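Structure first, commentary second.
The values are calculated or read from the model by the stated rules, or taken from the named source; none is laboratory data. Keep in mind that this is a model prediction, so the values were computed, not measured. Cβ atoms come from the backbone with ideal geometry, glycine included; neighbour counts cover every protein chain shown. The accessibility values were calculated without ligands, DNA or RNA, using every heavy atom of the protein model including side chains. Shrake-Rupley method; radii C 1.70, N 1.55, O 1.52, S 1.80 Å.
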Amino acid sequence: MCGIVGCSGTSDAIHPVMEGLARLEYRGYDSAGISYRKDDKILNHKKEGKLQNLKDLLEDIKPASTTAIGHTRWATHGKVNDTNAHPHSNDKLSIVHNGIIENANALREFLKSEGMEFLSETDSEVFLNLLTLNFNKTKDLKQSIIETFKKIEGNSAFLILNKENHLLYSIKRSAPLVCGVNEKTSDVFVSSDPYALVGFTSKIYFPEDEVLCELDFTKANELVQFYELDGSTSKRFKIQEKEVKLDVVSKGKFEHFMLKEIHEQPELIKKLTKIYFSESNKEQLARIGKESFPYVHLAACGTALHAGLIIKNYLEKYTQMRVHSDFASEFRYKSPKLNSDELGLFISQSGETADTLACQELCAENKLKNYSIVNTEGSTLYRNCDENLLIHAGIEIGVASTKAFTQQVLVGNLLAKAFANKLSEKEVIGEFELLSDKIKNLLAQEEKIKNIAREIYQHQGFIFTGRGIQFPIALEGALKLKEIAYVHAEGYAAGELKHGPISLIDENMVNIAIITPDLYDKTLSNAEEVKARQGILLVVGEEGNKELEEMSDFFIGLDFEGLDDTVPVLTNIVLQLLSYHIAKLKGTDIDKPRNLAKSVTVE
Ligand code: M6R
């Protein structure tokens, strides 16, 4: 969600902070700001809107400092404006915050009664003011941070800069935050995502929750000190010294990251089998093959949940396991009955989604074995699970998830087959390669999809329908369209239409019906019902099917020959392209759609 970056050292801190913010901007982009020490003062610059607005401001100011903190915001409390942007600061302290302070209102009232003034509408300023009040009394910053943090309820991460010296402090509860050091220069860093620090650090520390980190670049050995909330030294952190290369993230010849990521899919699919069937990785699937669980609890959010619903289909097809799947935000509050011989299965691109992490914690507390299907190696989910199946999608920048969905589904297919000991390398490689080729063919027909988008983009309502394994694709198609094109779209199980939603059908409503050979007749009748009510019918079906072509207003034919489990991946890519082109015609901000953030680290 919000991006946090801080740096302190002997050389320029502004550049790494701004570069880190640029790398994290896709996660939250309402406003951005930076604070730094200069001549024993704290200077603060904040700007509503994209990071570029802040960059433009700094062009004129030309800040110089060796200690700085910065933030890109995704608003939770208070409007999107310069004042509510982070950092929040006064003449002594400056803070940036990611998360939600749940008892902010009560604390604000208390602080007002103590004479503290509030400039912004944010909950974050409550932390600043409480910290300042404590610091004014104790004059001990470390102790004041601990005392303040103890009073804060909810999940948050904070980074604190002070006027007096170069020390940076950070602390978190169920929100991502890492520390980094460059062992050559002794520069120290903090960020909400290690990706922001690639190239700047040689060592990354992953502190656990409620561990206070003190970063001091002048210390001879340990540039980062860790403390428990009782002030004692803490050992609750992990270290990563592995050299991480910065994925080259450019749009290349594409106008948007989303389009580039859609086009990356054929190659990523081929790469996936190479990785999973390589000598070093085969062992993981073999190990999984020895496991068996009576029950699987599957939790995820958004697109990752839609991938999960397809994976549920695979698990039910290939194994005897019973599978319960739910939105992570619902699962955690439903008192699920969790037994220690069961499996928790979590799907996530970022590995930092707050609700998904909370479900994993709940399963871990109940002694279940936890597996992830995840893109980000080293993320919190990755670190907390017993077994991680990486999806190898590479960094996904477009807020609308595309390639991660495809890879999640395919890795889920490998998982289900591995559990069932039905994983034939030859067959899997055969189907995945065929799928990859068919996606290439589909991408070559993009112009056709673009033309259909042109015909329908001005309509106000879209209903996506599918049955069986295509039902999650209907949900995903609708999510993608509303996410980036800002139009009303819903996904339904086709058989549910006549139980209510059919009343929405008229000559202005577009029904995007996915009609594949599976459950063909039933799905066809549902589409007929739409046609009978003058709905506009766009069918995604098997190429050469005259019946479908004749009944529909628009038809996108796909070659399913030789595909079995992977048909939904192919139909979904049609919907990815359709959403993209509708959004483009509408002129929305495709890679950074309004109100969204790439990684949702608050509940
Ligand atoms: O990082 P995650 O996969 O856990 O994220 C889950 C959802 O927030 C995410 O899939 C979201 O729905 C996407 N923006 C959809 O395109």
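Return the only residue of Gly344, Gly308 being away from the ligand (no atom under 13 Å from the Cβ), crowded, with 22+ Cβ neighbours inside 10 Å and in the same structural domain as Ser401 (by TED's automatic domain parsing). Steps first, please.
Values: Gly308 fails: away from the ligand (no atom under 13 Å from the Cβ).
The conditions single out Gly344.
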Those residues of the stretch 46-69 which are under 16 Å from Gly3 (Cβ atoms) and either among the charged types (D, E, K, R) or in contact with a Leu (Cβ under 9 Å, 6 or more places away or on another chain) (or both) amount to Lys46, Lys47, Glu48, Lys50, Leu51, Leu54, Lys55, Ala68, Ile69
Residue set Lys584, Lys546, Lys598; condition more than 16 Å from the ligand (Cβ to nearest atom), touching a helix residue (DSSP H, G or I) at 6+ places or on another chain (Cβ under 9 Å) and basic (Lys, Arg); output residue Lys584
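What number of residues within the stretch 66-85 are open to solvent by 10 Å² or more (accessible area, probe 1.4 Å) and in contact with a strand residue (DSSP E or B) (Cβ under 7 Å, 6 or more places away or on another chain)? Full working, then the answer.
First, pick out the residues of the stretch 66-85 that are open to solvent by 10 Å² or more (accessible area, probe 1.4 Å): 66, 74-83.
Imposing the further condition that a residue be in contact with a strand residue (DSSP E or B) (Cβ under 7 Å, 6 or more places away or on another chain) reduces the set to 66, 80-82.
Matching residues across the stretch 66-85 total 4.
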Counting only residues in the stretch 312-341 that are open to solvent by less than 10 Å² (accessible area, probe 1.4 Å) and more than 15 Å from the ligand (Cβ to nearest atom), the one nearest to Lys367 (Cα to Cα) is identified as Leu315
So, first residue farther than 22 Å from Val399 by Cα in the stretch 301-316, second residue more than 8 Å from the ligand (Cβ to nearest atom) and part of a helix (DSSP H, G or I), Cβ within less than 6 Å, six or more apart or across chains; the pairs are Ile311/Gly412; Asn313/Ile469; Tyr314/Gly412; Tyr314/Asn413; Tyr314/Ala416; Leu315/Ala416
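For the stretch 63-94, enumerate the residues that are basic (Lys, Arg) and at pLDDT below 95.
Step one: of the stretch 63-94, the residues basic (Lys, Arg) are 73, 79, 92.
Answer for the stretch 63-94, where residues must be basic (Lys, Arg) and at pLDDT below 95: Arg73, Lys79.
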Residue hits (the stretch 405-442; of a type in the set (S, T, N, Q) and open to solvent by 20 Å² or more (accessible area, probe 1.4 Å)) are Asn421, Ser424, Asn441
Open item on the list: Criterion first (in a helix (DSSP H, G or I), closer than 26 Å to His256 by Cβ and within 16 Å of the ligand (Cβ to nearest atom)) does Ala393 satisfy it?
Closed with: no
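Answer with yes or no whether Glu261 is open to solvent by less than 40 Å² (accessible area, probe 1.4 Å), charged (D, E, K, R) and within 20 Å of Leu390 (Cβ to Cβ).
yes
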Considering only the stretch 410-422, I want to know if a residue exists there that is more than 19 Å from Thr356 (Cβ to Cβ), more than 11 Å from the ligand (Cβ to nearest atom) and of a type in the set (Phe, Trp, Tyr). yes
Picking from Phe200, Phe237, the residue that is out of contact with any helix residue (DSSP H, G or I) (no Cβ under 7 Å at 6 or more places or on another chain), of a type outside the set (D, E, K, R) and open to solvent by 20 Å² or more (accessible area, probe 1.4 Å) would be Phe237
Exactly one of Gly99, Gly3 is in contact (Cβ under 8 Å) with a residue 60 or more places away in the chain and in contact with a helix residue (DSSP H, G or I) (Cβ under 6 Å, 6 or more places away or on another chain), and that one is Gly3
Among strands (runs of 3 or more DSSP E) entirely inside the stretch 178-235, those with 2 or more residues being within 24 Å of the chain's Cα centre (by Cα) are 178-181, 188-191, 203-207
